[in-house]
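Engineer: Pasting a structure here, questions to come.
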Amino acid sequence: MRKFLFALAVLVLVAAAAFFFYLPKRIDAGMNGVAMKPPYTASDRARALHQRLFVADLHDDAFLWSRDLLERHDYGHVDLPRLEDGSVGLQVFATVTKSPRGQNFDSNPSDTDTITALAIAQRWPPRTWNSLLERALYQSERLHAAAAASGGRMQVVHTRAELSDVLKDARPVGGRMAAVLATEGLHPLEGRIENVDRMYDAGFRIMGLTHFFDNEIGGSAHGLTKGGLTPLGKQVVKRLEEKKMIVDLAHASPRVIDDVLAQATRPVIVSHTGVQGTCPGPRNLSDKHIRGIAATGGLIGIGYFNGAVCALDIPAIVKAMRYTADLVGVQHVALGSDFDGATRTAIDTTGLVLITQALLDAHFTDDEVVAIMGGNVRRLLLQLLP
Ligand SMILES: [Zn+2]
């Protein structure tokens with residue numbers, strides 16, 4: 001009997017170890033793959049230009065996973081060593097707090113959630129199990145802790161003064177990388193406008209309104225009703241502008257985009273998206289909305305995943321960039337990878353030089369490449385941050 005109990009205990013321990021240690025890594029590696037494996041090689045001309053660029057990407061979800069950002073990994077898309085290899089000067093990190101089962105592109109109810117199980121399996125603190133706000137705050141804490149432990153290699157920037165300071169010795173000359181904190185959807189507000197201030201105080205500056213389901217703020221491009229901003233949503237957008245936070249329309253329903261464009265007095269961004277002109281799909285921008293976002297002075301970050309550009313290769317990314325630039329001007333185009341967003345992408349962050357090369361091959365000028373690869377993001381954040 002004692003032998004049996006011992007064997008049972010060992011079995012339980014092995015199962016627990018698998019659940020808490022092995023499984024999260026396997027899920028991360030399985031869900032954040034690449035079509036082209038590193039190392040990536042580019043032309044001498046592209047490498048020379050890339051090394052003097054300020055590279056900025058508008059969207060990564062690395063903090064959804066248990067991956068240590070300061071360590072190098074051979075899975076997932078981003079960690080600090082690989083961001084440095086990619087010559088990245090600024091990375092936006094978004095927090096994911098709730099995601100419906102199946103994560104359908106066309107339609108999702110809001111009554112299922114896969115993040116609860118992931119949070120428990122990854123040993124997130126119990127306060128995050130039942131609170132979407134706590135999940136966002138916990139990921140913010142992890143980003144700030146990673147920056148504090150980075151030995152000066154990464155700094156979270158919350159103000160234009162902090163960004164200016166980092167830019168003085170930013171990459172590509174071996175300096176610090178700036179990080180900006182964002183949320184995928186405002187369901188962490190838990191329906192309370194006061195929580196805008198809590199998120200601001202926790203360092204959030206870029207605010208996606210909806211993610212894969214309709215929330216208290218408005219309709220998702222992947223939701224059931226595809227509705228516009230709710231009355232609370234209109235108040236929240238006003239509050240975000242007062243706080244000098246940046247509204248992100250990625251995953252927003254077309255009606256929410258219409259409502260925000262009618263109300264916005266500051267530039268808005270779409271951090272990770274595709275455009276209907278090169279890739280039709282429920283979450284990709286119509287020409288009308290591209291023009292509307294550009295009219296605010298905003299930015300459109302082009303994603304590297306199939307749902308955004310209808311292929312898993314660099315030419316498809318550059319095609320969407322060319323389309324957008326031709327429609328509204330190159331000053332509105334940016335990188336919006338969606339790295340680590342439970343997405344398969346063309347490359348990981350060490351392969352960004354291939355985008356520089358493809359932009360050159362597509363006859364963008366050096367100045368235009370500088371703008372798309374990060375210059376536009378730098379300009380807008382220096383304008384919009386508090
Ligand atoms: Zn997303």
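Every residue, every condition in (1) open to solvent by 30 Å² or more (accessible area, probe 1.4 Å); (2) within 18 Å of residue 53 (Cα to Cα); (3) within 16 Å of the ligand (Cβ to nearest atom); (4) assigned to a helix (DSSP H, G or I), yes or no:
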| position | (1), (2), (3), (4) |
| --- | --- |
| 315 | yes, no, no, yes |
| 319 | yes, no, no, yes |
| 359 | no, yes, no, yes |
| 367 | yes, yes, no, yes |
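Engineer: To continue, here is another question. Does at least one position in region 318-326 carry a residue that is of a type in the set (Gly, Ala, Ser) and out of contact with any strand residue (DSSP E or B) (no Cβ under 7 Å at 6 or more places or on another chain)?
Structural biologist: Scanning region 318-326 turns up no residue that is of a type in the set (Gly, Ala, Ser) and out of contact with any strand residue (DSSP E or B) (no Cβ under 7 Å at 6 or more places or on another chain).
Engineer: Could you pull out the residue among 288, 238, 244 that is on the phi > 0 side of the Ramachandran plot, among the charged types (D, E, K, R) and open to solvent by 10 Å² or more (accessible area, probe 1.4 Å)? Walk me through how you get there before you give the answer.
Structural biologist: Numbers: 288 fails: on the phi > 0 side of the Ramachandran plot; 238 fails: on the phi > 0 side of the Ramachandran plot.
Result: 244 is the single residue among 288, 238, 244 that is on the phi > 0 side of the Ramachandran plot, among the charged types (D, E, K, R) and open to solvent by 10 Å² or more (accessible area, probe 1.4 Å).
Engineer: What single numbered condition from (1) free of Cβ contacts under 8 Å to residues at least 60 places away in the same chain; (2) open to solvent by less than 10 Å² (accessible area, probe 1.4 Å); (3) β-branched (Val, Ile, Thr) fails to hold for residue 41?
Structural biologist: Just one mismatch for residue 41, condition (2).
Engineer: Please work out if residue 253 is closer than 25 Å to residue 194 by Cα, in contact with an Asp or Glu (Cβ under 7 Å, 6 or more places away or on another chain) and not aliphatic (A, V, I, L, M).
Structural biologist: The answer is no for residue 253.
Engineer: Within the set of pairs 6+ apart or on separate chains, which have a first residue in region 341-365 that is more than 20 Å from residue 250 (Cβ to Cβ) and of a type outside the set (A, V, I, L, M), a second that is assigned to a loop (DSSP other than H, G, I, E, B) and within 16 Å of the ligand (Cβ to nearest atom), and C-beta atoms under 8 Å apart?
Structural biologist: Listed pairs, sorted by first residue: 348/76; 348/77; 348/78.
Engineer: Just a yes or no: is a residue in region 162-175 assigned to a loop (DSSP other than H, G, I, E, B), at pLDDT 95 or above, surrounded by 19 or more Cβ atoms within 10 Å (Cβ to Cβ) and not acidic (Asp, Glu)?
Structural biologist: No, every residue in region 162-175 fails to be assigned to a loop (DSSP other than H, G, I, E, B), at pLDDT 95 or above, surrounded by 19 or more Cβ atoms within 10 Å (Cβ to Cβ) and not acidic (Asp, Glu).
Engineer: Turning to a different aspect of this structure: Give region 44-71 a look and list any residue that's open to solvent by 60 Å² or more (accessible area, probe 1.4 Å) and under 20 Å from residue 155 (Cβ atoms), or say none.
Structural biologist: Scanning region 44-71 gives 68, 71.
Engineer: Which residues, taken from region 329-350, are more than 17 Å from the chain's Cα centre (by Cα) and crowded, with 24+ Cβ neighbours inside 10 Å?
Structural biologist: 332
Engineer: Before we move on, is residue 298 touching a residue at least 60 places away in the same chain (Cβ under 8 Å) and touching a helix residue (DSSP H, G or I) at 6+ places or on another chain (Cβ under 8 Å)?
Structural biologist: Working: touching a residue at least 60 places away in the same chain (Cβ under 8 Å): yes; touching a helix residue (DSSP H, G or I) at 6+ places or on another chain (Cβ under 8 Å): yes.
Taking the combined requirement at face value, the residue satisfies it.
Engineer: For region 133-154, what are the residues that are in contact with a helix residue (DSSP H, G or I) (Cβ under 6 Å, 6 or more places away or on another chain) and without any contact (Cβ under 8 Å) to a residue 40 or more places away in the chain?
Structural biologist: 134, 138
Engineer: Quick check: anything in region 295-305 farther than 21 Å from residue 54 by Cα and surrounded by fewer than 21 Cβ atoms within 10 Å (Cβ to Cβ)?
Structural biologist: Going through region 295-305, the residues farther than 21 Å from residue 54 by Cα turn out to be 295-296, 305.
Those still in the list that are surrounded by fewer than 21 Cβ atoms within 10 Å (Cβ to Cβ) too: 295-296.
Yes, region 295-305 has at least one match.
Engineer: Would you confirm whether or not region 206-213 contains a residue that is of a type in the set (S, T, N, Q) and over 21 Å from the mean Cα position of the chain (by Cα)?
Structural biologist: No, that holds for no residue.
Engineer: Let me ask another. Is it fair to say residue 22 is among the aromatic types (Phe, Trp, Tyr) and without any contact (Cβ under 8 Å) to a residue 12 or more places away in the chain?
Structural biologist: yes
The values are calculated or read from the model by the stated rules, or taken from the named source; none is laboratory data. Note that the coordinates shown come from a computational prediction; the quantities given were computed from them, not determined experimentally. Ideal geometry is used to build each Cβ from the backbone, glycine not excepted, and the neighbour counts take in all protein chains shown. Ligands, DNA and RNA are excluded from the accessible area calculation, which covers all protein heavy atoms including side chains. Shrake-Rupley method; radii C 1.70, N 1.55, O 1.52, S 1.80 Å.
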